[in-house]
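What follows draws every value from the coordinates through simple rules; no lab data is involved. Predicted model, so just to flag it, every value in this text is computed and none were measured. Neighbour counts run over all protein chains shown; Cβ positions are idealised from the backbone, glycine included.
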Ligand SMILES: NC(=O)c1ccc[n+]([C@@H]2O[C@H](COP(=O)([O-])OP(=O)(O)OC[C@H]3O[C@@H](n4cnc5c(N)ncnc54)[C@H](O)[C@@H]3O)[C@@H](O)[C@H]2O)c1
Ligand SMILES: [Zn+2]
Ligand SMILES: [Zn+2]
């Protein structure tokens, strides 16, 4: 499968099968041997037309608790920058948080395309004239450190990357933002609240 | 409220700041009854730790009374508490192993990136200690917001005065952990560089942990005298070649463990230290690692190196070969304060130790600027400054 086909047939499907990236790398007979092929966004900055970024944290909780927080904790949602979150009671639709929305020059409708209980949720944007985005949240056991939670997102310029930001700047902002979002979720789940140095609730 | 604020390198000013309020469910607000100036504060004062901003409230050694509590706090109003300077959540992987100063969750996410770039991973939060550690307002103030108040503060009995309890917030556990990190075997000879508050508590802790001898190194006679009064053998680095002296004093073997309780602002006119000082002054992220170099050289083969002294940047001429070839072990870190406070409070209650001997000066908070200046410039007399808001 070449890159153009791969993009056409749906990035979400590839992202959904964690093996996708691995296969892609294993096909290259002389590629660097690497135990983290395509897992870290840093290794794959670009897939065809897409920019791919991601972030990982470990959270001391069960996979169910983690999904439950992302899906149901309304204190989390307003704090998110880039990680899409479930929209009200519409099970398979996700909302882009403000920063992600601002990064795209056209609207986004995001739908969950794959769900593997306690393991994986993958989504993609849909519809003509919508900004093109794919992503996944994957959970895996990390021993005494808890559950490793990884988010990977692939977005396609030009609808992502405004005139003000270069593509590279956008990818960097996205990667950093996703990491912040995962860390907020980790704080909320482990510590019950999101850390702040504010001295008053009304402080800037 | 009034608070000691950073206004630029070498300038501390007590200003009116907004009173803190409960922000998160686990918060408490305390009214500060005593607060101290630490050697670590001098690194901020001297501008050698980055990430301090104008109007930041300093101070990480403080205690007080509970004034207000959030929904999930377990404290009650009026309780007396000592607050550890390393802020921790109590639930992450690091906290589960009592490495509180490595807590994953206590530094606000927006503040994590600078430290992550500098050190590979973000740091835990600390009170009043730059934005690298969260930008939390510190305790040299009338009131402080305390996060995670169900796990962080140590509730203390009403009948022990502040003077004997205050140092549980930092330097007493820091000295204790410095000695633990030296893995002292009964009868060992331990060399401690620096007879500031941290060094003095390290000496006291080393004896508690069954050291046979402690050799104390400093250049300030008043501080060396205090070390001697704790039972240490004083050596003045202005008058003596340290390496030679330590060899002689240990029958040619060297100390079993060496402890650097000086950190990144070592004094001395050696060539390495002068070069470091120039680089530190022009902002090259250079630490003055003169003491650490000397300690590593002086340590016996197969010995231990413990570093409570604070470093924040990089060190040239680090004697890596000496570390490796002699098979030394190095342990360091910001103190996991709360891990040791129950045990130390118990020792204070039983009169095994009385940390208040350290206090040389008491000032009202309004005189904070004077306290900082003298604590840095007149170390012979100004051993430890305690302020009352
Ligand atoms: N690890 C932690 O959690 C922690 C906590 C508190 C303090 N600290 C650090 O511990 C260190 C000491 O703190 P303090 O409050 O005692 O500071 P301090 O500034 O009062 O004391 C430092 C002492 O080191 C002496 N000194 C300087 N150069 C020396 C040399 N070349 N050889 C021997 N002695 C020398 C000084 O004369 C002084 O007495 C600082 O770096 C401080 O930041 C670390
Ligand atoms: Zn301190
Ligand atoms: Zn923690």
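Using the Cβ-Cβ distance between residue A:99 and residue B:31 with R0 set to 60 Å, the FRET efficiency works out to roughly 0.95.
Post the alpha-carbon centroid distance, segment A:150-191 to segment B:86-143, in whole angstrom. Each part reduced to its Cα centre gives a spacing of 23 Å.
Distance between the pseudo-spin-label points of residue B:354 and residue B:329 (7 Å out from Cα toward the beta carbon): 3.6 nm.
Projecting label points 7 angstrom from Cα along Cα→Cβ for residue B:381 and residue A:77 puts them 6.5 nm apart. For the residues of B:105-114, the average number of beta carbons from a partner chain within 10 Å of their own beta carbon is 6. Summary of packing: across the peptides A:65-73, A:88-96, the per-residue average of other C-beta atoms within 10 Å ranks them, highest first, as A:65-73, A:88-96. Ordering of B:218-225, A:189-196, A:101-108, B:113-120 by packing is A:189-196, B:218-225, A:101-108, B:113-120, highest average first (other Cβ atoms within 10 Å, averaged per residue).
Taking neighbour Cβ counts within 10 Å as the exposure measure, how do B:323, A:185 sort from fewest upward?
Values: B:323 16, A:185 26.
In increasing order of surrounding Cβ atoms, one gets B:323, A:185.
In terms of the Cα gyration tensor, with a ≥ b ≥ c the square roots of its eigenvalues, is segment A:50-173 rounded because a/c is under 1.5, prolate because a/b exceeds b/c, or oblate? It comes out prolate by the Cα gyration axes.
In the protein assembly as shown, the calculated helix contribution to ellipticity at 222 nm averages -8500 deg cm²/dmol per residue, counting -39,500 (n - 2.57) for every DSSP H run with n ≥ 4. Taking a point 7 Å out from the Cα of residue A:130 in the direction of its Cβ, the residues of segment A:69-91 whose backbone N falls within less than 19 Å of it are A:82-91.
Could you work out the mean projected area of the convex hull around the alpha carbons of chain B, in square nanometres to one decimal?
On the way: hull surface 70.0 nm².
Average of the hull's projected areas for chain B equals 17.5 nm².
Compute the FRET efficiency between residue B:16 and residue B:65 as 1/(1 + (r/R0)^6), taking r as their Cβ-Cβ distance and R0 = 30 Å, and round to the nearest 0.05. All intermediate terms of the calculation are to be shown ahead of the outcome.
Details: r = 21 Å, r/R0 = 0.71.
About 0.90, to the nearest 0.05.
Shielding value for B:87-96 is 5, the average number of Cβ atoms from other chains within 10 Å of each residue's Cβ. Each of residue B:208 and residue A:109 was given a label point 7 Å from its Cα along the Cα-to-Cβ line. The distance between the two points is 6.7 nm.
Over the whole of B:132-145, what's the average partner chain Cβ count within 10 Å per residue? Rounded to a whole number, please.
Details: counts 0, 1, 3, 3, 5, 3, 0, 0, 0, 1, 0, 1, 1, 5.
The mean count of partner-chain Cβ atoms within 10 Å per residue comes to 2.
Placing a label point 7 Å from the Cα of residue A:92 along the Cα-to-Cβ direction, no residue of segment A:54-70 has a backbone N closer than 16 Å.
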